[in-house]
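Notes for the one structure printed next.
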Amino acid sequence: MRNTENKVQFNLKNVHYAILTEGETPEYGTPVHVPGAVSLTMDPQGDVSPFYADGIAYYQSLANNGYSGALEMAKYPDQMLKDVWGMTEGETDHVIVENVQTEPKAFALLYQIDGDKDGQYYCLYNCMGTRPGIGGSTNAESKTPQTQTSNITASPLENGNVFARTTANTTASVKSGWFKSVYVPTTTGGEG
């Protein structure tokens, strides 16, 4: 019997990152939780290219270049600043330093979005993110938290996979392991 699909979705939570090491097959580190998810907006990237013949659009191709958007968090944790953006922390003074010559690392972005029936779990396989901004403001009548945002680009892996998402019929074992390791299908569209 098929389970009922969600009609709506709301509430981003359980954001994790896992460092990607590309080789013959992509390998991922253990996912690390990033608390304080505020919002995630990812828009599809790619263009439609029409081919005209016989006076009409005879054929159209669509390039799937992944997604790009922004991940807004309450505050990016120090561990992610070090793991993804290569910032270093001094051993004695414990000051975090950013160096312009350090290259950021690719990562998988895992997260959950609740629905009216069940939560859905997502994985963007090959992400790069801009460093989160620095900012603050003076408190007035009330304390308003200041958030940090990273612009994220999710590109296809060499095998073409861009993202994965659970469905209403995804097994409980896949869902329970979603944030323990990055879900990797055995084929480009098959079981993991």
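The values are calculated or read from the model by the stated rules, or taken from the named source; none is laboratory data. Bear in mind the structure is a predicted one, so any value in this text is a computation, not a measurement. Heads up, the Cβs are rebuilt from the backbone with ideal geometry, glycines too, and the neighbour counts pull from every protein chain shown. What goes into the accessible areas is simple: the full protein's heavy atoms, side chains included, and nothing from ligands, DNA or RNA. Shrake-Rupley method; radii C 1.70, N 1.55, O 1.52, S 1.80 Å.
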Response to the item:
Of the residues in the range 58-91, those that are under 14 Å from Ile152 (Cα atoms) and either touching a Cys at 6+ places or on another chain (Cβ under 8 Å) or among the charged types (D, E, K, R) (or both) number 1
Worksheet item: What are the residues in the range 120-160 that are without any contact (Cβ under 8 Å) to a residue 24 or more places away in the chain and within 22 Å of Ala70 (Cβ to Cβ), if any?
Response: Thr130, Gly133, Ile134, Gly135, Gly136, Ser137, Thr144, Gln146
Discussion item. Condition (residue is open to solvent by 80 Å² or more (accessible area, probe 1.4 Å), at pLDDT 85 or above and among the β-branched types (Val, Ile, Thr)) applied to the range 27-37: is it met by at least one residue?
Written reply: yes
Practice prompt. Six or more apart or on different chains, Cβ under 8 Å: which pairs go from a residue in the range 32-51 that's under 17 Å from Gln112 (Cα atoms) to one that's assigned to a loop (DSSP other than H, G, I, E, B) and among the basic types (Lys, Arg)? Could you list them?
Written response: Gly36/Lys75
Worksheet entry | Hits in the range 99-131 - residues which are under 23 Å from Thr25 (Cα atoms) and either open to solvent by 30 Å² or more (accessible area, probe 1.4 Å) or in contact with a helix residue (DSSP H, G or I) (Cβ under 7 Å, 6 or more places away or on another chain) (or both) | Glu103, Pro104, Lys105, Phe107, Tyr121, Met128, Gly129
Practice prompt. Filter the range 55-98 for residues that are part of a loop (DSSP other than H, G, I, E, B), over 22 Å from Gly29 (Cβ atoms) and open to solvent by less than 60 Å² (accessible area, probe 1.4 Å) and give the result.
Written response: Ala63, Ala74, Gly90
Worksheet entry | Answer residue from the range 38-54, given it is open to solvent by 90 Å² or more (accessible area, probe 1.4 Å) and part of a strand (DSSP E or B) and is nearest to Lys105 (Cα to Cα) among those | Pro44
Practice prompt. Kindly state which strands (runs of 3 or more DSSP E) lie completely within the range 106-192 and contain at least 3 residues that are within 16 Å of the chain's Cα centre (by Cα) and more than 19 Å from His16 (Cα to Cα).
Written response: none
Worksheet item: When you go through Lys105, Lys117 one by one, which is the residue that is touching a residue at least 12 places away in the same chain (Cβ under 8 Å), basic (Lys, Arg) and under 30 Å from Thr171 (Cβ atoms)?
Response: Lys117
